[in-house]
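The values are calculated or read from the model by the stated rules, or taken from the named source; none is laboratory data. All of these numbers come straight from a predicted model, not from anything done at the bench. Don't worry about glycine lacking a Cβ; one is built from the backbone with ideal geometry, like all the others, and counts go over all protein chains shown. Ligands, DNA and RNA are stripped out before the accessible areas are found, and what is left, the full protein with its side chains, is counted by its heavy atoms. Shrake-Rupley method; radii C 1.70, N 1.55, O 1.52, S 1.80 Å.
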Amino acid sequence: MRNQPYPQLNPCPKDFRLDFSLCLCVLKYVEIDYSSSSRAAGMNGNGPSKLVDPLEDLVPGVGTYEDFNTIDWVREKSKDRDRHREITNKSRQSTVALLHSLCDAFSGWLLMLLVGLMSGSALAGGIDIAAHWLSDLKGGVCLTDFWFNHEHCCWMSNETFQERDRCPEWQSWAELITGKSEGAFAYIMNYMMYIFWALLFSLLAVTLVRAFAPYACGSGIPEIKTILSGFIIRGYLGKWTLIIKTITLVLAVSSGLSLGKEGPLVHVACCCANILCHLFTKYRKNEAKRREVLSAAAAVGVSVAFGAPIGGVLFSLEEVSYYFPLKTLWRSFFAALVAAFTLRSINPFGNSRLVLFYVEFHAPWHLVELAPFVLLGIFGGLWGALFIRANIAWCRRRKSTRLGHYPVIEVLVVTAMTALLAFPNSYTRMSGAELISELFNDCSLLDSSQLCGYKQVRNSLADRPAGENLYTALWQLALALIFKMLITVITFGMKVPSGLFIPSMAVGAIAGRLLGVGMEQLAYYHHDWVIFKGWCSQGADCITPGLYAMVGAAACLGGVTRMTVSLVVIMFELTGGLEYIVPLMAATMTSKWVADAFGREGIYEAHIRLNGYPFLEPKEEFEHSSLAVDVMRPRRSDPALAVLTQDGMTVGEVETLVESTHYSGFPVVVSQESQRLVGFVFRRDLLISIDNARKRQEGIVSTSQVFFSEHAPSQPPDAPPPLRLRGIMDLSPFTVTDHTPMDITVDIFRKLGLRQCLVTHNGRLLGIITKKDILKHMAQIANRDPDSILFN
């Protein structure tokens, strides 16, 4: 057991972090009471007899981690167990301590409530409403109330109008500037204003990211996965990142770029959770506990992005979380529930429902249709594998060439290309969410959409022959499919917030709608074929093209991300199509199998590897037959392992050793001759403790003896006082023998979240294996560059 001093906090009047929470005040007073009583017991002789140690009190910085380092999960969990055990023991002694215990247990649920409220209301609802308004601003403005988007402006109209997207209150920029809504000049004016607004929004987005929060760019999910695995990235979840990402996400989505807001919303929710964690001591001072909260926040992000609380919890469990105990599952569920309820009360989608794409299909699916659903799964898998390879190749080119030195120019050029090519086609001009909603739509008799341009047959909803408008729409969709597939490759990864859910779903939805219309026309003209006999007679409503679009969207998103269970649940929550789970499952599973045939990595894992983050993928198998001795350092040609001895070294010798190396920690042995292992000390803790002792303990100089043993060795009378550092030493470091198979060692690292493991032979220290060593070894086995692993 590690002896961790119990933290002393200031009284409530001086440090009252949550003025609405009596619980925290109780926590502070009880902790002070405990600290003072412990010290009194020691002075009165009632406590155990110990050598005076200046590090008995908590030293600021000890037990913390430097930037771009991995946390020690075992130490963090041990600290939390010691803290919880102490609170439980004290709760039996007084009523105040019992209140302290209850407040400590309740604090986690209170934090989840705050995360859900903050993510669902202030951020997600605001982002949805602002993005919708700015997206419509590229096409025109509402004359009566300029803050209304196009849809709401026409809803408020009291006049009658023929076309669903044209009402007197909403005017295009050509109407405002020239007074004309038709003709070549009006079209050119609207075209130019569309490009102008797109360039303005993207310029503001990339400038704000560059100037104030470089971490606000991209999706954020690869970094969130890495952080949840125990890696430290200071500032990535900070307040500036939250503010800038929230603003620039609205601007980037509104610019018309082929990106979505769903992935970045996971980053935004995690920023909220990280900031709120600082209000609670239990989470502020323990990195492992904080990651439990971040796992729940990832579920909240998906919940508010799609209106899918159950899918959000499963997404966190399947896709992003590294450590997900049952307690975190319950709290994730509660936080997602609060966020979804808050979002529903705001109604940002404007449809009086929680879900983003609500659909009502009139016809059931039939067993024969599983074949085209599987075809969509194959397409999704092929598209996912192709997209990952193309996007990673483009991003690698961006990092290794001069292209990466000019992010502002890159964003503006891609925005200009996107706007120039997107405006002439109505299906690329509209936002990604609007496009998907249009493709999921099941045509009614009065629907004016081009996709519903059928020839009327007896005023029924039966399968009908395609009309001229539908053929025009199909050509436009085919061009939109090619455009989306190409432009998304170069858009994802730019220096603006960019999600991948909506673009991937749009590609799949277009492909699915095309296939669905093809199947519908095939059933209409050839209803006597064997495959249609018995269930699709002439005049019946057999095929639903919108269902094919929904299945295609799931297939393509699954091919890119390799999600399965969470994706199916998100899709049926997203659309309300509970009856269509089997088609979604078939397409999603097929998509994963096909994509895995070309590579096991999803897009987020590929970006983690591209950025060199030290992430041990839990899904990846280690099949090589190497041993621990083959991977450990030092190698045969390397200098001897840098170690500390439990006594016999001076402060100056320890400082010289630390300054001459760059290691994150040092094993402690009995002596240089025996090399018998005693424990392990982290570099940061060592430096902070020595610096603190020089300031606080009189007589500590460079010639002072440093010892890690229980009792101080005998000293000459005129020797300076020794420095005892046993309190910062890990007395039970994880060890393996030199003949331990590496597949077992890798499993130990994954399941325990280790940052290093010591290698011994008959109790003698031989070397050390770090997570970075394992990742380099796995890269060598896979014929990749081992130096691509950049961080400790």
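See the values below:
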{"quantity": "For the chain: accessible area per residue (Å², 1.4 Å)", "calculated": "43 Å²"}
{"quantity": "R0 of 41 Å, Cβ-Cβ distance Val96-Asp691: FRET efficiency to nearest 0.05", "calculated": "0.65"}
{"quantity": "Phe324 accessible area, assembled protein chains, probe 1.4 Å, Å²", "calculated": "40 Å²"}
{"quantity": "Filtered trypsin sites (Lys or Arg not before Pro), region 191-259: DSSP coil and at most 12 other beta carbons within 10 Å", "calculated": "Arg234"}
{"quantity": "Residue-level accessible surface for Ile310, protein heavy atoms, 1.4 Å, Å²", "calculated": "70 Å²"}
{"quantity": "Efficiency of FRET from Cβ geometry, Ile531 and Leu421, R₀ 45 Å, rounded to 0.05", "calculated": "0.70"}
{"quantity": "On Cα atoms only, tilt of 73-91 relative to the major axis of the chain in degrees", "calculated": "80 degrees"}
{"quantity": "Where GluC sites (Glu not before Pro) fall in DSSP loop in region 313-406, at most 11 other Cβ within 10 Å", "calculated": "Glu360"}
{"quantity": "Cross-link pairs Lys619/Lys751; Lys138/Lys399; Lys225/Lys289; Lys90/Lys285; Lys225/Lys771; Lys239/Lys261 - those with Cα-Cα distance over 22 Å", "calculated": "Lys138/Lys399"}
{"quantity": "Using alpha-carbon coordinates, inclination of helix 468-491 to the longest axis of the chain, degrees", "calculated": "20 degrees"}
{"quantity": "Helical mean residue ellipticity (222 nm; -39500 (n - 2.57) per DSSP H run of 4+; nearest 500) of the chain", "calculated": "-17000 deg cm²/dmol"}
{"quantity": "Mean shadow area of the chain, taken as a quarter of the surface of its Cα convex hull (nm²)", "calculated": "40.5 nm²"}
{"quantity": "Computed accessible area, Tyr236, all protein chains, 1.4 angstrom probe, square angstrom", "calculated": "10 Å²"}
{"quantity": "Heavy-atom SASA rank of Leu412, Leu481 (probe 1.4 Å, accessible area, largest first)", "calculated": "Leu412, Leu481"}
{"quantity": "For region 185-210 versus region 512-578, the gap between their alpha-carbon centres in whole angstrom", "calculated": "37 Å"}
{"quantity": "Cut-off 15 Å between beta-carbons: net charge of the residues surrounding Gly256, Lys and Arg +1, Asp and Glu -1", "calculated": "+2"}
{"quantity": "Order of exposure, largest accessible area first, which applies to Glu621, Glu601 with probe 1.4 Å", "calculated": "Glu621, Glu601"}
{"quantity": "Distance from region 601-661 to region 724-756 (C-alpha centre basis), Å", "calculated": "11 Å"}
{"quantity": "Separation between Cα centres of region 257-280 and region 70-146, rounded to whole Å", "calculated": "11 Å"}
{"quantity": "Sites Arg784 and Glu659, calculated FRET efficiency, Cβ-Cβ separation with R0 51 Å, nearest 0.05", "calculated": "0.95"}
{"quantity": "Quarter of the Cα convex hull surface for region 714-773, i.e. its orientation-mean projected area (nm²)", "calculated": "6.3 nm²"}
{"quantity": "Share of carbon and sulfur in the accessible heavy-atom surface of the chain [1.4 Å probe, %]", "calculated": "60 percent"}
{"quantity": "Positive minus negative residues near Gln715 (Lys, Arg vs Asp, Glu; Cβ under 15 Å)", "calculated": "-1"}
{"quantity": "Loop-located trypsin sites (Lys or Arg not before Pro) in region 762-792, at most 16 other Cβ atoms within 10 Å (DSSP)", "calculated": "Arg784"}
{"quantity": "Principal-axis tilt of helix 742-752 within the chain, Cα atoms, nearest 10 degrees", "calculated": "90 degrees"}
